[in-house]
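The values are calculated or read from the model by the stated rules, or taken from the named source; none is laboratory data. Just so we're clear, the structure is a prediction, and the values are computed from it rather than from any experiment. Heads up, the Cβs are rebuilt from the backbone with ideal geometry, glycines too, and the neighbour counts pull from every protein chain shown.
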Amino acid sequence: MGLYDLMRPAKKVPSTWWSSNDPMETRPKPPTMIILVIGLWIFGTGDAIIIAAGIGVAPWTVLAQGITEQIDMSVGQATFLISAIVLLLWIPLREKPGIGTILNAILIAAAIDIMIPYLPTPKEYIFQILQVFIGTIFVGIGSGLYLTANLGPGPRDGWMTGMQRITQISIGRVRAIIEISVFIFGFYLGGTIGLGTIIFALFIGPIVAICLQLTGRFGK
């Protein structure tokens, strides 16, 4: 695979040897579950790396913070509210939740809580920026793994893949549009943003697309 092919936008989630044939499968094969768990843990670790960098959180967390400024609830409760609303948006897209959808919420949250105490919190701005980029790459790798497990995407990724299927716009562009829109709305509601937020919003789409390309290539 050349550099040009790698940079081409992913049009769909590729099928791999570990991919489940049925997203609604309740007893998937062990390799599929292992890839799913690893992918979700890497995803959550990426989020933790970005949080520990200290220069801005991911757009969905900005939105959760904005909601807490408008409604008397915690960030966790606001995050749950966002997930519930996003799941309602699945209905017109005809997306269905699976095991991966449930584990998404559990394992990503667990990875964040467990990993943050062990992560560096750099004071120099250049290292903070570098850490955000590393975290964003981790999120992209995690997305590439758990999406190809095909056991049901998380609430936000289900919305992303559903929108891609309906619009036929590349996954990278759909993800970028969603992330940028979310952090703008979250900031409008009162959430806090930083350079890390902007870096994540701008680069997560292309990084997810590249990771899906690589996963599809090496997972054949």
- Query: Here is a list of conditions, (1) of a type outside the set (Phe, Trp, Tyr); (2) within 12 Å of Ala52 (Cα to Cα); (3) in contact (Cβ under 8 Å) with a residue 12 or more places away in the chain, and Leu145 meets all of them except one; can you say which number that is?
  - Reply: (2)
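A quick yes/no check of all residues on (1) of a type in the set (A, V, I, L, M); (2) surrounded by fewer than 19 Cβ atoms within 10 Å (Cβ to Cβ); (3) modelled with pLDDT under 80; (4) more than 9 Å from Gly154 (Cα to Cα):
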| residue | (1), (2), (3), (4) |
| --- | --- |
| Phe80 | no, yes, yes, yes |
| Leu88 | yes, yes, no, yes |
| Leu93 | yes, yes, no, yes |
| Thr101 | no, no, no, no |
| Asn104 | no, no, no, no |
| Ala110 | yes, yes, no, yes |
| Ile114 | yes, yes, no, yes |
| Pro117 | no, yes, no, yes |
- From Ile71, Ile34, Ile67, which residue is in contact (Cβ under 8 Å) with a residue 60 or more places away in the chain and either surrounded by 20 or more Cβ atoms within 10 Å (Cβ to Cβ) or of a type in the set (A, V, I, L, M) (or both)? Ile67
- Note on the structure: Flagged in region 154-186 as aromatic (Phe, Trp, Tyr) and farther than 18 Å from Ile199 by Cβ, in numbering order, are Trp159, Phe185
- Task: Filter region 150-163 for residues that are part of a helix (DSSP H, G or I) and touching a residue at least 60 places away in the same chain (Cβ under 8 Å) and give the result.
- Result: Pro155, Arg156, Gly158, Trp159, Thr161, Gly162, Met163
- Task: Check Phe138, Phe133 and return the single one that is of a type in the set (Phe, Trp, Tyr), at pLDDT 90 or above, surrounded by 19 or more Cβ atoms within 10 Å (Cβ to Cβ) and within 15 Å of Ile207 (Cβ to Cβ).
- Result: Phe138
- Message: Please verify whether Val57 is modelled with pLDDT under 90, surrounded by 16 or more Cβ atoms within 10 Å (Cβ to Cβ) and out of contact with any strand residue (DSSP E or B) (no Cβ under 9 Å at 6 or more places or on another chain), treating the condition exactly as stated.
- Response: yes
- Heads up, the helices (runs of 4 or more DSSP H) in region 40-149 (entirely inside) with at least 1 residues that are more than 27 Å from Trp18 (Cα to Cα) and touching a helix residue (DSSP H, G or I) at 6+ places or on another chain (Cβ under 7 Å) are 59-70, 75-93, 125-149
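Yes or no, residue by residue, for (1) under 20 Å from Leu36 (Cα atoms); (2) hydroxyl-bearing (Ser, Thr, Tyr):
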site	(1), (2)
Gln65	no, no
Asp72	no, no
Leu81	no, no
Ala110	yes, no
Tyr118	no, yes
Ile129	no, no
Phe133	no, no
Phe138	yes, no
Tyr146	yes, yes
- Message: Which of the numbered conditions does Pro31 fail, given that it passes all the others? Conditions: (1) assigned to a helix (DSSP H, G or I); (2) touching a helix residue (DSSP H, G or I) at 6+ places or on another chain (Cβ under 7 Å).
- Response: (2)
